[in-house]
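Below is one structure; the comments refer to it alone.
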Amino acid sequence: MSFEQDRRSIYERRRNILYLMASYLSSMGLHQTRQALVDETHLTAEFEVCDNIDLDTIYQDFCSYFLLKFGKQPRIVKRTESVGLLPTVQRKLSGAKRKPIPPMKGDPVGKDPVASLATAGDELQALRITPGHMLASGNDHHEPLPMVPSANPKLLVRLQDHFTSEWKDLAEEVCRDLIRKDLRQRWASIKGLAGPIQVLKESVIAPLEHPELFVGLAQPWRCVLLHGAPGTGKTLLARTLCAETRESVTFFSTTASTLISKWRGESEKLIRVLYEVAKFYAPSIIFIDEFDSLASRRDTIREHEASKRFKNEFLSLIDGLESVAGETTPPTDGRDRVFLLASTNLPWELDPAFLRRFERKILVDLPTADGRQELIEHLLPVVASWPEHEIQQIVTLCDGWTGDEVRLACKEATMTLLRNKISAARPGSIGLDPDEVQFPVLRKAFEQLRPGCVELAQKHREWNQRYGTQLGG
């Protein structure tokens, strides 16, 4: 029995290592390499890596344990006699009688790439290696492998190798807010928010695709504020932007719990380190939800001196991100930018200095009738086949609702079906199909709920008329 347990333990350990490797390759954008690993090891979709663990976390935990036990950092890799490709790759290339691969331009022989990354911050931008680059050079008889978007190679460099000892702990704490996994959200799943989506695309995605166009006064937006009633989709927009740009942009989702410290002066250091890390991993997005908790007015009696110092530091960092719009600057590839995205339910509570720095203040309003119909048909596709008068009756019932309230009503309709099946069917024979939702069930679900943000949404519209950005057609 003990032998069988040991063998199973070894099998599970090796299986977990393979899944960790596959997840790490996916997070780095090495999709072809990951697919080769999956094909050769026969990994299936039966298992996936848990949300709170990854290969990089395990590596850092081991380094911390080794340092605590032995008083020094562990030595993971060492220099080989031959500089260049890994020995296994060299044997394969030599066996195929391929031409020797010359070193990349600007990469002297014998130079340690990891040491270069750790000491030259500006040179990191030129070391974006994508799969297929090596075989594309020095080989006249083979087509280059397809180029796929690669994650930022700076993520391979540990922060301890870039920041001084004074900032290492703060940098590691900030990096806990770095989103590495795919949130599996797409623009097509967002209904009724075409205006905010367009602003986010032209702020982040378009400058990466067409950097030559965003020069001078046409430099991309660097700070955008999303405001609206709760449940209108502000955080959903940020999640989708993170998912859509995960292959090319580093995304930080930061909250007040990360940036506010009880120790004197540490909050200012944390916000500065956050921007330093974001610039180190640029292009980056810093998303701060419930922004009013960090940027409330400074002219109130209850304002503490420590809070004022933090906000002053924050304001100076926002102003120092890029050059002032209108300067004559040469076109860049947009890969050294840090984009600040914030959302709030209470924009009138923000300090005027912060409001001035947000170039776009976008209202995420309640969905229109067409937007509500698109959302209902997206959540329950069977609705699209119903008669027009039934659809319009449902759309009218949810007038003044937020997108999340519409979702809750559709969920209540499906839960009603589930309750009926549980009470009528025998255990083990229950199956739920959303297409079974009928008009009476859905209408009853919508009649049970009431909108809760009508007055607040109107207040946002009035504030937007005075201070916000009016989106064009």
SER257 passes all but one of the listed conditions (1) within 22 Å of LEU363 (Cα to Cα); (2) open to solvent by 20 Å² or more (accessible area, probe 1.4 Å); the exception is number (1)
Helices (runs of 4 or more DSSP H) wholly inside the range 176-261 containing at least 3 residues that are under 21 Å from GLU276 (Cα atoms)
256-259
Selected residue (criterion: farthest from TYR467 (Cα to Cα)) from residues of the range 357-374 that are under 26 Å from the mean Cα position of the chain (by Cα) and open to solvent by 40 Å² or more (accessible area, probe 1.4 Å)
GLU374
Among the residues of the range 285-302, how many are open to solvent by 30 Å² or more (accessible area, probe 1.4 Å) and either of a type in the set (A, V, I, L, M, F, W, C) or not in a helix (DSSP H, G or I) (or both)?
9
Scan the range 262-284 and give yes if some residue there is under 13 Å from LEU341 (Cα atoms) and open to solvent by 10 Å² or more (accessible area, probe 1.4 Å), otherwise no.
no
I'd like to check something: does the range 38-49 contain any residue that is aliphatic (A, V, I, L, M), out of contact with any Phe, Trp or Tyr (no Cβ under 9 Å at 6 or more places or on another chain) and open to solvent by 70 Å² or more (accessible area, probe 1.4 Å)?
yes
Could you tell me which residue of the range 180-201 is nearest to the chain's Cα centre (by Cα), considering only residues that are open to solvent by 40 Å² or more (accessible area, probe 1.4 Å) and at pLDDT 90 or above?
ARG186
Residues satisfying the stated conditions in the range 203-224, i.e. within 17 Å of PHE358 (Cβ to Cβ), within 17 Å of the chain's Cα centre (by Cα) and not basic (Lys, Arg)
SER203, VAL204, CYS223, VAL224
Is there any pair linking a residue in the range 361-387 that is part of a helix (DSSP H, G or I) to one that is buried (at least 19 other Cβ atoms within 10 Å of the Cβ) and charged (D, E, K, R), with Cβ under 8 Å and at least six apart or on different chains, and which?
GLY371/LYS191; GLU374/LYS191; LEU375/LYS191; HIS378/LYS191
Only residues that are touching a Pro at 6+ places or on another chain (Cβ under 9 Å) and aliphatic (A, V, I, L, M): list them for the range 225-262, please.
LEU225, LEU226, LEU237, VAL249
Just to check your reading of the model, which residue among ALA278, ALA282, ALA306 is closer than 30 Å to SER26 by Cβ and part of a helix (DSSP H, G or I)?
ALA278
Could you give every pair whose Cβ atoms fall below 8 Å, whose first residue belongs to the range 227-251 and is more than 19 Å from GLU202 (Cβ to Cβ), and whose second residue is in a helix (DSSP H, G or I) and open to solvent by 40 Å² or more (accessible area, probe 1.4 Å), counting only separations of at least 6 or pairs across chains?
ALA229/LEU456; PRO230/ASP404; PRO230/LEU456; GLY231/ASP404; THR232/ASP404
Taking the range 391-407, which residues are more than 26 Å from the chain's Cα centre (by Cα) and open to solvent by less than 40 Å² (accessible area, probe 1.4 Å)?
ILE391, ILE394, VAL395, CYS398, GLY400, TRP401
Suppose we filter the range 1-58 for residues that are assigned to a helix (DSSP H, G or I) and of a type outside the set (Gly, Ala, Ser); how many remain?
34
Search the range 280-310 for residues being among the β-branched types (Val, Ile, Thr) and touching a strand residue (DSSP E or B) at 6+ places or on another chain (Cβ under 7 Å), and hand back the single one that is farthest from LYS262 (Cα to Cα).
ILE285
Restricting to the range 202-259, name every residue that is out of contact with any Ser or Thr (no Cβ under 9 Å at 6 or more places or on another chain), modelled with pLDDT under 90 and under 30 Å from ALA457 (Cα atoms).
SER257, THR258
Residue that is of a type in the set (A, V, I, L, M, F, W, C) and at pLDDT below 95, where the choices are ALA353, ALA342
ALA353
Within the range 346-386, which residues are of a type in the set (Gly, Ala, Ser) and farther than 25 Å from THR300 by Cβ?
ALA369, GLY371, ALA384, SER385
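The values are calculated or read from the model by the stated rules, or taken from the named source; none is laboratory data. From a predicted model like this one, the values you see are computed outputs, not experimental measurements. We place every Cβ from the backbone using ideal geometry, glycine too, and count neighbours over all the protein chains shown. Ligands, DNA and RNA are excluded from the accessible area calculation, which covers all protein heavy atoms including side chains. Shrake-Rupley method; radii C 1.70, N 1.55, O 1.52, S 1.80 Å.
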